[in-house]
Amino acid sequence: MPGATERVGGSTAIRVENLSKTFDTAAVLHDFSLDVRAGELLALLGPSGSGKTTLLRIIAGLDFPDDGRIVFGAEDATKLPVQQRAVGFVFQHYALFKHMSVADNIAYGLNARKRADRPAKAEIKKRVGDLLDLIKLSGFADRYPSQLSGGQRQRIALARALAVEPRVLLLDEPFGALDAQVRKDLRRWLREIHDRTGQTTIFVTHDQDEALELSDRVAVLAKGRLEQVGTPDEVQEAPVSATVLKFLGDTIEVEAIVQAGQVRVNGRLTPVSAPAGLVGPVKLYARPWQLQFAEGDQAHLEGVVRSSYRTQGRQRIEVDRPEGKTVVVEAADTNRFAAGSPVGLRIIGGHVFPN
Amino acid sequence: MSETFAPVTMAEARPASVVTEGRWIRRILIGIAILFLALFLVLPLVTVFAQAFAKGLNAYLAAFTETDAHAAIRLTLLTAAIAVPFNLVFGIMASWAIAKFEFWGKNLLVTLIDLPFSVSPVVSGLIYVLVFGAQGLAGPWLIDHDIQVIFAVPGIVLATIFVTFPFVARQLIPLMQEQGTAEEEAALTLGASGWHAFRTVTLPNIRWGLLYSVLLCNARAMGEFGAVSVVSGHIRGLTNTLPLHVEILYNEYNFVASFAVASLLAGLALVTLLVKSLLEWRYADEIAAGARRH
């Protein structure tokens, strides 16, 4: 039951152990393990096909693993039917009950209980009212889903999930079907609700910004495996693999050589440090803002400006490299470079990984 | 302003759209359609009522007072009362299975559901005679156990169920496919049992499509002639349904009674048509999902 035991900060609310799942012949999860801490807001981040939604559905009990265990607190929930898991699930396309009013939607889980466990009518009504206040839709109890905007519908869906006091809240791409501005507002709002309720929450997203902005910890998934789990700062500052690094944002990839702990590109020293034990030819990955324009000996790379555009006080310049690749450089919006002008680029930061 | 660019005469001569025909072609096409409907649909319908009332209201009402007519009405109502709920349950189950699960042989099942629409009803009736008749496959066993199917009420009910079973399933399969399973999943995560989710989520979502298909199913169940005719044996007062009763009266040159009973069936058709149109008008979206596949 949801209660005090899981509220203790840092204790494990859900343990996913060695989960495997295969659909038809395609494996979507391989020997997957992850601990979810009580009270945290955890993002499952990955490209489509990484298995993140399947993982969420298995935790909810909407799918079952071929192998492995799901443990809620101290209870093995692997074979527990979905109704008994006490999870709140929010779907990408809301899945509100079209033929029911907003109030009936929110009260659904309470009304579905057996008579002995069902709260009194007045109590249900009060709970619905409180939840409508929480999601700031107080006057909407008698509306129908078709009369609401996408953002409002998703807030109702969240209230409906919270009504049953779930031990964990699971959100499957909750903002995926909304437009950019509404999405931003809802993100901030979800964070506020989480801070207020302290509800253990897992949400699935393929949007890096969303995961990094919203979550306490991010679990990066790729091809059915857990690549890395850590705070947004940890995964950004110390990505454990090129996959994580590439998935978290635009990157430039160049050949480099590690000698005596120093990373060299085209024979010139860079400020990037190599992890211990890594020697010889490697790949260096840098973000667009980890490149600067430079001349002569200072430049690690050369190229020709293809085009540039401004975005929010910065400019992004596309540079064609001699071997054919195009790299994107982000710089202050000061010097403009005409298309076709040759430039040198200096690497001022980045990460190296084995080839 | 606009006159300077497009003189009125020009605007009139110009067709409203490239896919619109000229005025005369339009009139001829509409005329042919109306004439055709009048000749083949309205005229027979009027004739039915005209013949039924040819000898006045008393003669008309007399057709319903004889015991054989009562028996036929009762049997028709009984048959529909069994066949329609049966096909309602079967149709919901089959469409649920087809729309929400993946399984081997699914396409074959969909094709089989359509079979009664493509087979002549007489053949459907003959199949039952071959299976359940005295000379049929199950004949000896049925005789041993003193069960009569053919030339009795069970045969009529079976034949009616067979010819009417596609109505509900065909309407609901595309509707359920379109609605997907997200709402049911939401209900289950909220703690609802499977049955509670079905009752409170699935059923309300398909209610108008379901009502529509039940209506059509009922009209066909009460009006079915071919298949029932083969298995019935035409025993007056025992195995005659309304359509069969109409035929018997007609063959006996009892035109007024025959058309009077027929007017009952025609009235049923008109009411069905009216309710069907109302449903289509009011719940077009939900019904259209099913109609697209018909």
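Every number here is computed from the coordinates shown, using simple stated rules; none is lab data. Predicted model, so just to flag it, every value in this text is computed and none were measured. In this analysis, Cβ positions are derived from the backbone assuming ideal geometry, glycine residues included, and neighbour counts consider all displayed protein chains.
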- Task: Note down the nm distance, to one decimal, between modelled labels 7 Å out along Cα→Cβ at B:E280 and at A:T12.
- Result: 6.2 nm
- At q = 0.05, 0.06, 0.10 Å⁻¹, what log₁₀ I(q)/I(0) does a Debye calculation on the Cα points of the protein assembly as shown give, no solvent, two decimals? -0.43, -0.59, -1.05
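I want to verify the translational diffusion coefficient of the stretch A:216-355 in µm²/s; compute it with Stokes-Einstein, Rh as the Kirkwood radius over Cα pairs, at 20 °C and 1.002 mPa s. Don't skip to the answer; put the middle values down first.
Values: Rh = 16.0 Å.
For the chosen part, D equals 134 µm²/s.
What order do you get for A:H206, A:H93, A:H300, B:H70 when you list them from fewest to most C-beta neighbours inside 10 Å?
Numbers: A:H206 19, A:H93 16, A:H300 24, B:H70 12.
Ascending number of Cβ neighbours within 10 Å: B:H70, A:H93, A:H206, A:H300.
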- Can you tell me how much longer the chain between A:A116 and A:R143 gets when fully stretched, taken as 0.36 nm per residue apart minus their C-alpha distance, in nm with one decimal? 6.8 nm
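How well do other chains shield peptide B:191-204, expressed as the mean number of their Cβ atoms within 10 Å of each residue Cβ?
On the way: counts 16, 7, 4, 2, 0, 6, 3, 0, 0, 7, 6, 0, 1, 4.
The per-residue average across the peptide is 4.
Quick check on chain B: helices-only [θ] at 222 nm, where DSSP H runs of length 4 and up contribute -39,500 (n - 2.57) each and the sum goes over total residues. Nearest 500, please. Please report the intermediate quantities before stating the final value.
Details: 18 runs with 219 residues, N = 294.
After summing the helix terms and dividing by the residues of chain B, the value is -23000 deg cm²/dmol.
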- Item | Computed label-point distance, nm, for sites A:A339 and A:F64 using a 7 Å Cα→Cβ extension | 6.0 nm
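Averaged across the residues of A:54-63, what count of C-beta atoms belonging to other chains lies within 10 Å of each residue's C-beta?
Across the residues of A:54-63, the mean count of other-chain Cβ atoms within 10 Å is 1.
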- Task: Please work out, to two decimal places, the log10 of the ratio I(q)/I(0) at q = 0.06, 0.08, 0.14 Å⁻¹ from a Debye calculation in which every Cα of chain A carries one identical scatterer.
- Result: -0.30, -0.51, -1.12
- Please go through the residue pairs B:K100/B:K276; A:K52/B:K106; A:K136/B:K100; A:K184/A:K325; A:K98/A:K246; A:K98/A:K136 and name each one whose alpha carbons sit more than 32 Å apart in this structure. A:K136/B:K100; A:K184/A:K325; A:K98/A:K246
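Hey, what's the Cα Rg ratio for the stretch B:188-265 versus the globular rule of thumb, 2.2 N^0.38 Å? All intermediate terms of the calculation are to be shown ahead of the outcome.
Numbers: Rg = 20.6 Å, N = 78, 2.2 N^0.38 = 11.5 Å.
The reported ratio for this selection is 1.79.
If packing is taken as the average count of other Cβ atoms within 10 Å, what order do A:166-175, B:179-188 fall into, highest mean first?
Working: A:166-175: 23.7, B:179-188: 20.3.
With the highest mean Cβ count within 10 Å placed first, the list reads A:166-175, B:179-188.
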- Inter-centroid distance (Cα atoms) of the stretch B:237-277 relative to the stretch A:17-76, Å: 63 Å
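State the antiparallel share, in %, of DSSP beta bridges confined to chain A, rounding to the nearest 5. It would help to have the intermediate numbers written out before the result.
Working: 59 of 76 bridges.
So the antiparallel bridges amount to about 80 percent of the total.
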- Message: Within the stretch B:211-228, list the residues whose amide N lies under 15 Å from a label point set 7 Å along Cα→Cβ of B:L77.
- Response: B:222
- Simple label model, 7 Å out from Cα along Cβ direction - B:V123 to B:F255, nm: 3.7 nm
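Other chains near B:180-187: what is the mean number of their Cβ atoms within 10 Å of each residue's Cβ?
Working: counts 2, 2, 8, 8, 1, 8, 14, 7.
Mean number of neighbouring Cβ atoms from other chains: 6.
Taking every DSSP beta bridge with both residues inside the protein assembly as shown, roughly what % is antiparallel (nearest 5)?
On the way: 59 of 76 bridges.
Beta bridges within the protein assembly as shown, antiparallel portion: roughly 80 percent.
Using a 10 Å cut-off around each Cβ, can you sort A:K283, A:K52, A:K325 from fewest to most neighbouring Cβ atoms?
Values: A:K283 16, A:K52 28, A:K325 12.
Placing the least packed residue first, the sequence is A:K325, A:K283, A:K52.
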- Query: How do B:F132, A:F353, B:F198 rank when sorted from fewest to most other Cβ atoms within 10 Å of their own Cβ?
  - Reply: B:F198, A:F353, B:F132
